[in-house]
Amino acid sequence: MRPGGQGRGLRSTGLGRRRTRRPGPATGVGHRGGARDRDGTVSDLVDPLPPGGPTSRDLPTPDRALVIVAHPDDAEFQAGATLAKWAAAGCRVTHLVLTDGSKGTWDPDQDPAALVAARHDEQRAAATVLGAEDPIFLDLIDGELVSGIVERGRVAEVIRRVRPDVVVGHDPWTRYRLHPDHHAAGRLCVEGVVAARDPGFHREQLAAGLTPHRPDALLLFEPDVANHAETVGEADHARRLGALGAFSSQIATTHLYKVESGAEPGTDPAEAWHARERERLAVPGRWAGCELAEPFRLIVDQL
């Protein structure tokens, strides 16, 4: 870990001993009164940002971070500003993209192979904008991701090779998420951390010269209930937007699709999208007592 951690592990900072808040009441809690779903609706069943703000803020900058995601652009949407902040401070950030992204289009005539190649190029370009390393692609089939033993082993192998101080990924326990790949990617992230740290898992990797690795922290984005915030600045948010802009195959179909369909007449879709993406960071910023932030579930003690 880099300053302010001065190379200390998280357990020595006291974060590992902090008690997380219990979720508030199920209805009408927090500043939003519910979780905002991907389609813009608000559920009154659970608020991912509980009252009182986060129990911790701003990890020491890690020397190495690994972000494990289901699809190209998942990391940029959910943790892009945090990754940009860390990279600017000297962290070596690596993406592990689990699926090939071949179903990431609304166009039924899109050639899947061409889309996969495009999304590889886009993810590499986005990583460059963030200041990250060249991404690692497992190219498992989009929409068919499972958290099996073989898949877990491949994730554990990457963790043992990259040896990150912090692992970032999907929260596998988030309720009412529809996309099956996000659930599976979250499980592979969590289970991969366990498998990478314990020498009894995937012993063939040890025979090949890899050694077990235990990260200092696990940060889960799109959390069911957040307990941690990474505060980010305007420059970090700008790099996040620049990285998202690299995903040109997704601009018309994913990034602007719902903005266009719901925008007021005469509204510039790009301006509406930028405003929406800023609000995505401003809402947790208000929760954390700052202008912009990204929320996570921080896990330290169980690692």
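Name the residues in segment 163-190 that are surrounded by 20 or more Cβ atoms within 10 Å (Cβ to Cβ) and farther than 14 Å from Ala70 by Cβ, would you?
Within segment 163-190, Pro164, Asp165, Val166, Val167 qualify.
Which is modelled with pLDDT of 55 or more, among the hydroxyl-bearing types (Ser, Thr, Tyr) and either crowded, with 21+ Cβ neighbours inside 10 Å or on the phi < 0 side of the Ramachandran plot (or both), of Thr82, Thr13? Break it down stepwise before answering.
Details: Thr13 fails: modelled with pLDDT of 55 or more.
From the options Thr82, Thr13, the qualifying one is Thr82.
Would you confirm whether any residue within segment 137-157 is β-branched (Val, Ile, Thr), under 18 Å from Arg92 (Cβ atoms), crowded, with 18+ Cβ neighbours inside 10 Å and touching a residue at least 60 places away in the same chain (Cβ under 8 Å)? Working first, answer last.
From segment 137-157, those β-branched (Val, Ile, Thr) are 141, 146, 149-150, 155; that's our starting set.
Within this subset, residues satisfying the condition of being under 18 Å from Arg92 (Cβ atoms) are none.
There is no residue in segment 137-157 that is β-branched (Val, Ile, Thr), under 18 Å from Arg92 (Cβ atoms), crowded, with 18+ Cβ neighbours inside 10 Å and touching a residue at least 60 places away in the same chain (Cβ under 8 Å).
State yes or no: is Pro199 over 22 Å from Gln78 (Cα atoms), part of a loop (DSSP other than H, G, I, E, B) and of a type outside the set (Lys, Arg)?
On the way: over 22 Å from Gln78 (Cα atoms): yes; part of a loop (DSSP other than H, G, I, E, B): yes; of a type outside the set (Lys, Arg): yes.
Spelling it out, Pro199 is indeed over 22 Å from Gln78 (Cα atoms), part of a loop (DSSP other than H, G, I, E, B) and of a type outside the set (Lys, Arg).
Checking the structure you have, find out if any residue of segment 255-274 is hydroxyl-bearing (Ser, Thr, Tyr), at pLDDT below 95, out of contact with any strand residue (DSSP E or B) (no Cβ under 8 Å at 6 or more places or on another chain) and within 25 Å of Val168 (Cα to Cα). Don't jump to the end; show me each part of the working.
Taking segment 255-274 first, the residues hydroxyl-bearing (Ser, Thr, Tyr) are 257, 261, 267.
Then keep just the ones that are at pLDDT below 95; that gives 257, 261, 267.
When the remaining residues are screened for being out of contact with any strand residue (DSSP E or B) (no Cβ under 8 Å at 6 or more places or on another chain), the result is 257, 261, 267.
Remaining after also requiring within 25 Å of Val168 (Cα to Cα): none.
There is no residue in segment 255-274 that is hydroxyl-bearing (Ser, Thr, Tyr), at pLDDT below 95, out of contact with any strand residue (DSSP E or B) (no Cβ under 8 Å at 6 or more places or on another chain) and within 25 Å of Val168 (Cα to Cα).
Out of the residues in segment 202-220 meeting the condition of being under 19 Å from Ser147 (Cβ atoms) and not in a strand (DSSP E or B), tell me which one is nearest to the chain's Cα centre (by Cα).
Checked segment 202-220; the qualifying residue nearest to the chain's Cα centre (by Cα) is Pro215.
Going by the structure shown, is Thr61 part of a loop (DSSP other than H, G, I, E, B), at pLDDT 95 or above and surrounded by fewer than 22 Cβ atoms within 10 Å (Cβ to Cβ)? Can you show your working first?
Working: part of a loop (DSSP other than H, G, I, E, B): yes; at pLDDT 95 or above: yes; surrounded by fewer than 22 Cβ atoms within 10 Å (Cβ to Cβ): yes.
For Thr61, the condition - part of a loop (DSSP other than H, G, I, E, B), at pLDDT 95 or above and surrounded by fewer than 22 Cβ atoms within 10 Å (Cβ to Cβ) - is met.
Pairs only if they're at least six apart or on different chains, beta carbon under 7 angstrom, first in segment 267-285 and touching a residue at least 12 places away in the same chain (Cβ under 8 Å), second of a type in the set (Gly, Ala, Ser); list them, first residue then second.
Pro269/Ala263; Ala272/Ala263; Leu281/Ala81; Leu281/Ala293; Pro284/Ala229; Pro284/Ala293; Gly285/Ala293
Given the criteria at pLDDT 95 or above, acidic (Asp, Glu) and buried (at least 22 other Cβ atoms within 10 Å of the Cβ), does Glu204 qualify?
Numbers: at pLDDT 95 or above: yes; acidic (Asp, Glu): yes; buried (at least 22 other Cβ atoms within 10 Å of the Cβ): no.
So Glu204 does not fit the description; no.
Considering every residue within segment 123-132, establish whether at least one is assigned to a loop (DSSP other than H, G, I, E, B) and either surrounded by 21 or more Cβ atoms within 10 Å (Cβ to Cβ) or over 15 Å from the mean Cα position of the chain (by Cα) (or both). Step through it out loud before you land on a result.
As a first pass, look at segment 123-132 and keep what is assigned to a loop (DSSP other than H, G, I, E, B): 131-132.
Add one more test, that the residue is either surrounded by 21 or more Cβ atoms within 10 Å (Cβ to Cβ) or over 15 Å from the mean Cα position of the chain (by Cα) (or both), and what stays is 131-132.
Yes, segment 123-132 contains a residue that is assigned to a loop (DSSP other than H, G, I, E, B) and either surrounded by 21 or more Cβ atoms within 10 Å (Cβ to Cβ) or over 15 Å from the mean Cα position of the chain (by Cα) (or both).
Among the residues of segment 85-122, which ones are surrounded by fewer than 24 Cβ atoms within 10 Å (Cβ to Cβ) and either at positive phi or of a type in the set (Ser, Thr, Tyr) (or both)?
Gly90, Thr94, Ser102, Thr105
Do you know which residues across segment 99-115 are part of a loop (DSSP other than H, G, I, E, B), within 25 Å of the chain's Cα centre (by Cα) and in contact (Cβ under 8 Å) with a residue 60 or more places away in the chain? Spell out the reasoning first.
If we filter segment 99-115 for residues that are part of a loop (DSSP other than H, G, I, E, B), which is where we start, we get 100-111.
Next, from what is left, pick out any that are within 25 Å of the chain's Cα centre (by Cα): 100-106.
Selection gives Gly104, Thr105, Trp106.
Of the numbered conditions (1) over 16 Å from Ile159 (Cβ atoms); (2) buried (at least 20 other Cβ atoms within 10 Å of the Cβ); (3) in contact with a His (Cβ under 8 Å, 6 or more places away or on another chain), Val67 fails exactly one; give the number of that condition.
Among (1) over 16 Å from Ile159 (Cβ atoms); (2) buried (at least 20 other Cβ atoms within 10 Å of the Cβ); (3) in contact with a His (Cβ under 8 Å, 6 or more places away or on another chain), the lone unmet condition for Val67 is (1).
Hey, can you tell me all the residues within segment 147-157 that are more than 18 Å from the chain's Cα centre (by Cα) and either on the phi > 0 side of the Ramachandran plot or in a loop (DSSP other than H, G, I, E, B) (or both)?
Gly148
The values are calculated or read from the model by the stated rules, or taken from the named source; none is laboratory data. The structure presented is a predicted model; accordingly, all values stated were derived computationally and were not measured. We place every Cβ from the backbone using ideal geometry, glycine too, and count neighbours over all the protein chains shown.
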